[in-house]
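The values are calculated or read from the model by the stated rules, or taken from the named source; none is laboratory data. Just so we're clear, the structure is a prediction, and the values are computed from it rather than from any experiment. Counting neighbours? That spans all protein chains shown, and the Cβs are built from the backbone with ideal geometry, glycine included. All accessible areas refer to the heavy atoms of the entire protein, side chains included, with ligands and DNA or RNA removed. Shrake-Rupley method; radii C 1.70, N 1.55, O 1.52, S 1.80 Å.
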Amino acid sequence: MNEFYKKDIITIKDFSKSQLETIFSSTDKIMQLAPIDRREICKGSTLAYLFYEPSTRTRLSFESAMASIGGSSLGISNISNSSTQKGESLADTVRMMSIYSDVLVLRHPLDGSSRFAAEISDKPVINAGSGTEEHPTQAIQDLFTIKKEKKKIDGLKIGIVGDLKYGRTVYSFLHALGNYDVDVHLISPESLRIRNDSTYEIKKKLDFTESTNIDEYIDELDVLYVTRIQKERFPDEEEYLKVKGSYVVGLDLLKKMKSDSIVLHPLPRIDEISTDVDKTPNAKYFEQAEYGKHVRSTLLGLILNENGF
Ligand code: NCD
């Protein structure tokens, strides 16, 4: 039996290095399969998505991933059109969705929402973003992208810049990187530094420096992971305006970086990477989004098939 069969994906902390590597090699395998063979992997299975927050890539990549392996998707992407509007609880909505599907993908503004859903659902639950806490499948996609583009993860110097306080992808990314031998440099405005309460465990596995100055290690980095300032999580607009536009990755910054360094971003990008970076060989964020689809096909294939694929 494959170890991911019927498993929830709630936190990246549950994944060991060897499990991540298994997912990466299965993703390589799925990318090489002919479309006709891919469509056999989850033929007849149904994914249900339940998104209480906006999404473009995560939801569509799950849908596209499921379609490419022969399954179908149904769900709620706009809760104002659902019975939530009438006052139905998350618990009841999850219970219903799990009746109509084989796997449930949830995005919700509250920390702990996915774990709560997993306790209620009798089908596996995949966390597609829980508050400011975690976004585990994004981290798997981020590490897979690094592996594909840099051919390794161990030994790399990685800068993470932007909103380190509210960005959930950052926490999942850091926990995942904790399985590897990497140097991490965190760069953020003072008010958006990484949350101490959430890094207690990360610190046991990973060494990182913290700075407000993006230039400090820029010439050493192999990977620059850029994040959006999470406007919607700020308690007030004024605080957001103070840090808006703090860092903009443009061609001038790229010139200071190693020629073979790569720039990643979980997207959506607002103004933190200028669009003229898009056409440089260093920009890998659109590839990263594409890898996300293949990684998600792999995860669904492993969760839904007892013997893998
Ligand atoms: C991220 C998220 O929702 O946490 N988006 C995504 O899933 N790719 C990042 C963000 O919204 O900035």
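Could you compute the FRET efficiency for Ala91 and Glu3, with r as their C-beta to C-beta distance and R0 at 30 Å, rounded to 0.05?
On the way: r = 28 Å, r/R0 = 0.95.
My answer for the efficiency is 0.60.
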Open item on the list: I want the antiparallel fraction of DSSP beta bridges within the chain, as a percent rounded to 5.
Closed with: 5 percent
Task: Of Lys203/Lys258; Lys147/Lys255; Lys13/Lys152, those spanning more than 25 Å from alpha-carbon to alpha-carbon - done: Lys203/Lys258
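Evaluate Rg over Rh across the stretch 1-65, taking Cα atoms for both radii and Kirkwood's formula for Rh.
Value, to two decimals: 0.97.
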Task: Which of Thr227, Thr212, Val243, positive extreme of dipole for the stretch 136-289 (C-beta unit charges) - done: Thr227
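Give the average over all directions of the projected area of the C-alpha convex hull of the stretch 136-289, one decimal, in nm².
Details: hull surface 33.2 nm².
The Cα convex hull of the stretch 136-289, projected and averaged over all directions, gives 8.3 nm².
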Task: D_trans [Stokes-Einstein, Kirkwood Rh over alpha-carbon pairs] for the stretch 234-296, 25 °C, 0.890 mPa s, µm² s⁻¹ - done: 184 µm²/s
TODO: Could you give the size of the charge dipole of the chain about its Cα centre, using +1 on the Cβ of each K and R and -1 on the Cβ of each D and E, expressed in debye and rounded to the nearest 20?
DONE: 680 debye
TODO: Please tell me the relative contact order of the stretch 136-289 in percent, rounded to the nearest whole number, where contacts are Cα pairs under 8 Å and at least six residues apart.
DONE: 25 percent
Open item on the list: Can you give me the distance in nm between label points at Asp236 and Lys256, each placed 7 Å from the Cα along the Cα-to-Cβ direction?
Closed with: 3.3 nm
Open item on the list: At 1.4 Å probe size, with the rest of the protein present, what percent of the exposed accessible area of the stretch 31-124 is carbon and sulfur atoms?
Closed with: 51 percent
Open item on the list: Positive end of the dipole of the chain, charges at C-beta (+1 Lys, Arg; -1 Asp, Glu), about the Cα centre: which of Pro266, Asn127, Leu60 has its Cα farthest in that direction?
Closed with: Leu60
Open item on the list: Taking the solvent-accessible surface of protein heavy atoms with a 1.4 Å probe, what is the per residue accessible area of the chain in Å²?
Closed with: 44 Å²
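What number does the stretch 145-205 give for Rg over Rh if you use C-alpha atoms and the Kirkwood radius? It would help to have the intermediate numbers written out before the result.
Numbers: Rg = 11.8 Å, Rh = 12.2 Å.
My calculation of the ratio gives 0.97.
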- [ ] Quick one: work out Rg over Rh on the C-alpha atoms of the chain, Rh as Kirkwood radius.
- [x] 0.96
